[in-house]
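Scroll down for the structure; my scribbles are underneath it.
The values are calculated or read from the model by the stated rules, or taken from the named source; none is laboratory data. Keep in mind that this is a model prediction, so the values were computed, not measured. In this analysis, Cβ positions are derived from the backbone assuming ideal geometry, glycine residues included, and neighbour counts consider all displayed protein chains. With ligands, DNA and RNA removed, areas are computed over all heavy atoms of the protein, side chains included. Shrake-Rupley method; radii C 1.70, N 1.55, O 1.52, S 1.80 Å.
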Amino acid sequence: MAKNIQSLERAAAMLRLLAGGERRLGLSDIASSLGLAKGTAHGILRTLQAEGFVEQEAASGRYQLGAELLRLGNSYLDVHELRARALVWTDDLARSSGESVHLGVLHQRGVLIVHHVFRPDDSRQVLEVGAMQPLHSTALGKVLSAYDPVAHSEVLEVEREAFTPRTTTELPAFESLLDLTRAKGWAEDVEETWEGVASVAAPIHDRRRMPVGAVAVTGAVERLCPGGELRPELVAAVRDCARAVSRDLGAGRF
């Protein structure tokens, strides 16, 4: 059996480290986190920097992910059929709802955001493409866990952390939530992951009628749940968007 190349494993670990947490880290932080000597860490960072995968902030000397990774990531996403089919529909959903729209897929026991449409106003927003969300507490995650057998198995294996007092962590209660999601055809997250934030999501199916992702609208609780409940027209809009993308993927009518 062929051995893994240690330098590549270390470079991959370094990129994952820079992709999470504070996003900008100093040489000492990186070396300490990965258990590397400073000289070794610096050599890997210098190579990654030369290739454009890492950038060094001039003022602080800290490192962050480089533009080349974004280019490669976008190249992957451009050929991702789900994202390509969803572009028009998610833009329309953001315009009609006035809120942010996220497209998510199952990845490494979580939800990977593969497309993000900003809320159509002038507020400052951060692009979340490439971010990971938990399976058990987010609307996207609950939809995937309810409809995708692989996601369902994985969510049972992960630690279901209580992010807020409203997070459901106990298995029987969580399974009941998934049953309800399948019965309704959509899932919600009202301050279960982030205080003050609500979300509603629906599943997307492909031509084999297999779940391949989910689409969600996310925004402030006071806008999405003005009377304590999710706005019905918002739920309907998300479900219509999911059905439209599914039809474009060849799933037919649901």
Theoretical FRET efficiency, 1/(1+(r/R0)^6), r = Cβ-Cβ of D121 and S32, R0 45 Å, to 0.05: 0.65
Which label in (1) 1.01; (2) 1.16; (3) 1.07 gives the computed Rg/Rh (Cα atoms, Kirkwood Rh): (1)
What accessible surface, in Å², does a 1.4 Å probe find on W89, ignoring ligands, DNA and RNA and rounding to the nearest 10? 90
Can you list residues whose amide H is under 5 Å from G213's amide H, if they're 5+ apart or on another chain and H is modeled 1.01 Å from N? I204
HN-Hα J couplings of the range 43-55 from phi, Karplus 6.51/-1.76/1.60, θ = phi - 60°, integer Hz, Gly and Pro as x? x, 5, 4, 5, 5, 4, 5, 5, 8, x, 7, 9, 10
Given the candidates S96, V217, S7, the one whose Cα lies deepest towards the positive end of the charge dipole of the chain, counting +1 at each Lys or Arg C-beta and -1 at each Asp or Glu C-beta, is S7
Kindly give Rg over Rh for the range 90-228, based on alpha-carbon atoms, with the Kirkwood expression for the hydrodynamic radius. 0.95
If R0 is 25 Å, what FRET efficiency do you get for R208 and A162 from their C-beta distance, rounded to 0.05? 0.10
With +1 at each Lys and Arg Cβ and -1 at each Asp and Glu Cβ, the charge dipole magnitude of the chain around its Cα centre, to the nearest 20 debye, comes out at 680
Counting only protein heavy atoms and a 1.4 Å probe, tell me what percentage of the chain's accessible area is made up of carbon and sulfur. 52
Coil-residue trypsin sites (Lys or Arg not before Pro) of the range 184-254, DSSP, other Cβ within 10 Å capped at 15: R207, R208, R209, R253
So what are the ³J(HN,Hα) numbers for the range 88-105, from phi and the Karplus equation (6.51, -1.76, 1.60; θ = phi - 60°), rounded to whole Hz, Gly and Pro as x? 5, 5, 6, 4, 4, 5, 5, 5, 6, 8, x, 10, 6, 10, 10, 10, x, 10
Using Cα pairs closer than 8 Å and at least 6 residues apart in sequence, work out the relative contact order for the range 48-186, in percent. 13
